[in-house]
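I have placed the structure first, in the form of structure tokens, so that the comments after it can refer back to it.
The values are calculated or read from the model by the stated rules, or taken from the named source; none is laboratory data. Treat the numbers as computed from the prediction; the structure is a model and nothing was measured. Positions of Cβ are generated from backbone atoms using ideal geometry, with glycine treated the same way; all protein chains shown enter the neighbour counts.
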Amino acid sequence: MARSAVGVIFSNIQDQNIPELSKHRTIASIPFAGRYRLIDFALSNMVNAGITTVGIVTKHNYQSLIDHLGSGKDWDLARKDGGIILLPPYSNETDKPYTNRLEALKGITGFLLHRKEEYVVLYDGDGVSRMDIADVVRFHEENNADITMVYHEETSVESHYYITVQPDETGRITSLKINPKINGNAKFNMYINVMVVRREYLMDIIQNAVQSGYSSFGREILAKNVDSMRIFGYKFDGYYANISSLARYFKHSMEQLDKDVRDELFGARDIYTKVRDSAPSRYIEGAVVKNSLVSDGCVIEGKVENSILFRGVKVGKGAVVKNSILMQETVVGNSAKLDCVVTDKNVSIRDRRNLAGCPELPYFVSKGTML
Amino acid sequence: MQIKKECVAMLLAGGQGSRLYALTNDIAKPAVGFGAKYRIIDFTLSNCINSGIDTVGVLTQYEPLELNEYVGNGQPWDLDRAFGGVHILSPYQAKKRSSWYEGTANAIYQNIGFMKKYNPDYVLILSGDHIYKMNYAKMLQAHIATGADCTIASIRVPIEEASRFGILNVNEDGSIYQFEEKPKAPKSDLASMGIYIFTASKLYKYLEEDDNDSNSAKDFGKNVLPAMLNAGEKMFAYLFEGYWKDVGTITALWEANMDLLGAEPVFDVGDPAWKIHSRNPLAPPGYISKTGEVNDSVIALGCEIEGKVNHSVLSSNVTVEEGATVIDSVIMSGTVVKKGAKVCYSIVDEGVVIGENAIVGEDKQTAKGITVLGRNIRIGDDVKVESGKILDKDYKGE
């Protein structure tokens with residue numbers, strides 16, 4: 001149905017929340033759940049809603065993103081008309097690359113102008129969910145909304161920048177706050193950085209903002225016009241994980257060990273990702289694996305518990321890996337011990353090493369390190 | 001614009017594979033699952049692309065639908081090419097004739113037009129039912145270096161088993177002076193692998209002659225190769241040293257799967273320098289629960305293991321529920337082994353449901369043979385399937 005919508009994914013805009021993992025990559029290309037990247041959820045949700053054109057706004061560090069996306073065929077987005085369209089920052093001698101969302105949008109007006117779809121779905125690459133975008137667009141149409149913001153009930157937040165919304169009984173947002181103080185464990189409605197807006201309306205907003213010299217989409221467009229614009233809130237009730245800090249990354253990753261979470265996200269087998277042709281994983285005689293996710297290409301000789309192993313991870317003899325997330329091609333030496341560790345890609349842990357963190361502060365080992 | 005390919009591969013994938021029984025009831029043998037995430041044809045197609053051969057004709061005849069869909073446009077093997085790539089070649093109706101492929105040679109003969117389109121110097125003939133990693137480029141180099149008209153890949157087999165194979169008797173320089181099909185008293189341990197490189201012009205010539213011979217069975221091994229040898233063409237054996245398995249029988253298929261297990265597997269499919277490409281499942285990583293136990297096994301994506309798995313190969317999306325046990329078995333994708341069920345020394349095809357507390361097969365030591373369950377069948381709760389049985393229909397007990 002949502003052929004009448006074009007997708008736009010902001011791959012970098014939330015990078016500052018999780019510097020450990022976005023040092024070498026965009027937040028959208030952070031590895032998740034053993035074989036995915038965060039952007040896979042955004043792309044799959046769009047594709048499953050019938051969207052066939054997705055513009056991907058990049059700013060820096062996007063080599064790994066480009067490598068991941070390739071031609072887009074793994075998401076069925078290698079298309080003659082549309083498909084994945086990378087939108088690198090626009091800059092010249094006078095215009096520097098964008099520093100905020102409005103400038104980023106201004107940079108893609110050419111892309112928006114030449115599309116034919118009625119609506120735009122704006123999506124940040126920092127969330128994990130399996131969401132029916134087609135239903136969001138339907139909701140938007142039914143309410144004759146100018147803007148529809150998707151929100152999720154949360155009890156805490158770690159983002160540097162966040163928006164809370166309060167819809168009335170008709171769904172129209174009557175109150176919209178930026179970075180309000182969150183008290184205790186009270187529930188609040190957090191905007192989860194998924195928005196539907198009519199394409200021409202969005203272009204008007206951008207043009208108007210440029211003329212007025214605005215710099216904040218949240219403050220100067222949304223918050224300021226909450227009374228004059230028809231901004232509606234779409235409540236998303238499903239599983240949603242906001243990857244907004246390393247501790248959050250750790251927590252939400254561990255949630256993937258829960259069958260209910262996994263069934264919701266992956267049960268329908270329609271989250272797509274890049275295919276790499278690794279061999280199936282090999283469990284050697286004497287290996288002990290409990291409550292863990294193991295991707296392709298792993299070879300396990302030691303003990304693995306409450307952990308997530310990405311593609312091509314090797315766990316040596318006598319090694320004990322607990323409560324840890326080991327990304328692609330991590331090698332754990334014989335008799336090494338890991339507890340609450342997050343290793344980035346291509347990390348090597350020597351034999352008999354002991355590494356430990358805690359869930360609030362996982363021990364992070366950056367890409368390509370040998371320890 | 002490219003106008004020629006040095007070497008075109010022709011992959012014979014039309015055989016029924018009747019010795020795989022229920023596993024090939026409605027799919028061609030090359031489409032049978034293997035090694036937790038592959039299909040048999042993946043090995044030959046991967047060998048082609050890894051050897052720099054990007055033009056492959058796949059000759060299908062028996063139950064081709066699934067194989068056609070699997071090969072598709074060839075993209076998983078990087079064989080979706082503007083010029084060349086992989087092409088499915090089914091028997092077709094021609095102006096003067098229309099017939100099924102009658103033998104291996106006839107199948108190739110009917111597709112001479114396909115080969116000629118690429119104007120190749122050499123043609124590589126392959127079988128779609130072997131598990132091995134082989135660099136055909138090296139064989140081609142040998143073919144060119146010896147100036148042969150035909151080169152036959154061969155492998156050394158134990159001499160006591162040689163009488164099961166087509167044996168090549170060769171001179172010191174590797175040239176062949178005699179073929180013996182399943183000889184009672186083999187003179188050599190060099191067995192033909194059914195992989196041939198022909199100089200293209202010679203292939204066309206002998207295929208045409210063979211086609212005109214009404215007494216011919218239209219088979220490479222029985223007719224075309226002996227005819228070439230009798231005519232004095234230069235034929236050489238090329239010695240392949242490495243893992244090679246014809247998985248044409250249930251036992252061979254089971255054994256080849258087991259060769260993937262262990263710290264130093266007999267057959268390594270994870271070599272980054274020789275990747276085996278395949279279509280990949282859309283599934284999350286495999287999950288082993290708190291109650292799950294996996295030992296000495298290979299497990300693909302999407303599996304959910306709550307029971308015990310030992311010395312087995314599990315394809316994608318297999319579920320082994322709590323209290324269930326899988327030992328010495330090959331389980332293909334999507335199969336569910338329900339609570340308390342036990343599967344021993346078996347090959348279970350895709351989409352099978354094994355009911356609670358059912359028993360399939362028995363301990364390898366005492367079993368009468370490998371138990372085989374065909375696709376999408378359902379084994380009732382508490383049912384016992386005796387060892388060595390081959391089932392292709394739902395089973396609720398005697």
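Filtering segment B:243-286 down to residues that are in a loop (DSSP other than H, G, I, E, B), hydroxyl-bearing (Ser, Thr, Tyr) and more than 7 Å from chain A (Cβ to nearest Cβ), which residue is farthest from B:Ile327 (Cα to Cα)? Here the residue is B:Tyr243. Going by the structure shown, is A:Arg352 in a loop (DSSP other than H, G, I, E, B), modelled with pLDDT under 95 and surrounded by fewer than 18 Cβ atoms within 10 Å (Cβ to Cβ)? When the stated conditions are applied, A:Arg352 does not pass them.
Within the set A:Val210, A:Val275, A:Val226, the sole residue that is more than 23 Å from B:Ser316 (Cβ to Cβ), part of a loop (DSSP other than H, G, I, E, B) and not polar (S, T, N, Q) turns out to be A:Val226. Taking the criterion of being facing chain A (nearest Cβ under 10 Å), part of a loop (DSSP other than H, G, I, E, B) and either touching a Gly at 6+ places or on another chain (Cβ under 6 Å) or in contact (Cβ under 8 Å) with a residue 60 or more places away in the chain (or both), the residues of segment B:287-336 that qualify are B:Ala300, B:Leu301, B:Cys303, B:Glu306, B:Ser315, B:Ser316, B:Asn317.
Across segment B:49-63, a minimum of one residue is classified as at pLDDT 95 or above, in a helix (DSSP H, G or I) and surrounded by fewer than 23 Cβ atoms within 10 Å (Cβ to Cβ). Screening segment A:289-319 for residues that are more than 23 Å from A:Glu255 (Cβ to Cβ) and not in a loop (DSSP other than H, G, I, E, B) and picking the one that is farthest from the other protein chains (Cβ to nearest Cβ) gives A:Lys314. Only one of the numbered conditions (1) within 14 Å of another protein chain (Cβ to nearest Cβ); (2) surrounded by fewer than 17 Cβ atoms within 10 Å (Cβ to Cβ) is not met by B:Lys339, and that is (1). Residues in segment A:240-251: is at least one within 11 Å of another protein chain (Cβ to nearest Cβ) and of a type outside the set (Ser, Thr, Tyr)? No, that holds for no residue.
Evaluated against (1) touching a residue at least 12 places away in the same chain (Cβ under 8 Å); (2) on the phi < 0 side of the Ramachandran plot, A:Ser335 falls short on exactly one condition, (2). Applying the condition of being of a type in the set (Gly, Ala, Ser) and under 25 Å from B:Ser46 (Cα atoms) to segment A:279-288 and asking which residue is farthest from the other protein chains (Cβ to nearest Cβ) yields A:Ser281. Scanning segment B:18-26 finds no residues that are surrounded by 24 or more Cβ atoms within 10 Å (Cβ to Cβ) and over 17 Å from B:Asn257 (Cβ atoms). Given the structure, is A:Val321 over 23 Å from the mean Cα position of the chain (by Cα) and of a type outside the set (Phe, Trp, Tyr)? For A:Val321, the condition - over 23 Å from the mean Cα position of the chain (by Cα) and of a type outside the set (Phe, Trp, Tyr) - is met.
Within segment A:110-144, the set of residues being within 13 Å of the chain's Cα centre (by Cα) and not basic (Lys, Arg) comprises A:Leu122, A:Tyr123, A:Asp124, A:Gly125, A:Asp126, A:Gly127, A:Val128, A:Ser129, A:Met131. Taking the criterion of being closer than 24 Å to B:Asp173 by Cα and either surrounded by 18 or more Cβ atoms within 10 Å (Cβ to Cβ) or in contact with a Gly (Cβ under 8 Å, 6 or more places away or on another chain) (or both), the residues of segment B:234-261 that qualify are B:Lys234, B:Met235, B:Phe236, B:Ala237, B:Tyr238, B:Leu239, B:Phe240, B:Trp244.
In the set (1) more than 22 Å from A:Pro97 (Cα to Cα); (2) of a type outside the set (Ser, Thr, Tyr); (3) part of a loop (DSSP other than H, G, I, E, B), A:His60 fails one condition alone, (1).
Restricted to strands (runs of 3 or more DSSP E) entirely inside segment B:105-195, those with at least 2 residues that are surrounded by fewer than 18 Cβ atoms within 10 Å (Cβ to Cβ) are B:176-181.
Checking B:Tyr136, B:Tyr122, B:Tyr92 one by one, the residue that is of a type in the set (Ser, Thr, Tyr), at negative phi and in contact with a His (Cβ under 9 Å, 6 or more places away or on another chain) is B:Tyr122 and no other.
For segment B:338-356, the condition of being out of contact with any Ser or Thr (no Cβ under 9 Å at 6 or more places or on another chain) and outside any loop (DSSP other than H, G, I, E, B) holds for none of the residues. For A:Ser307, state whether it is surrounded by 24 or more Cβ atoms within 10 Å (Cβ to Cβ), among the small types (Gly, Ala, Ser) and under 19 Å from B:Pro272 (Cβ atoms). No. Scanning segment A:67-110 for residues that are at negative phi and either surrounded by fewer than 16 Cβ atoms within 10 Å (Cβ to Cβ) or in a loop (DSSP other than H, G, I, E, B) (or both) yields a total of 24. Filtering segment A:290-300 to residues that are hydrophobic (A, V, I, L, M, F, W, C) and in contact with a Gly (Cβ under 7 Å, 6 or more places away or on another chain) leaves A:Leu293, A:Val294, A:Cys298.
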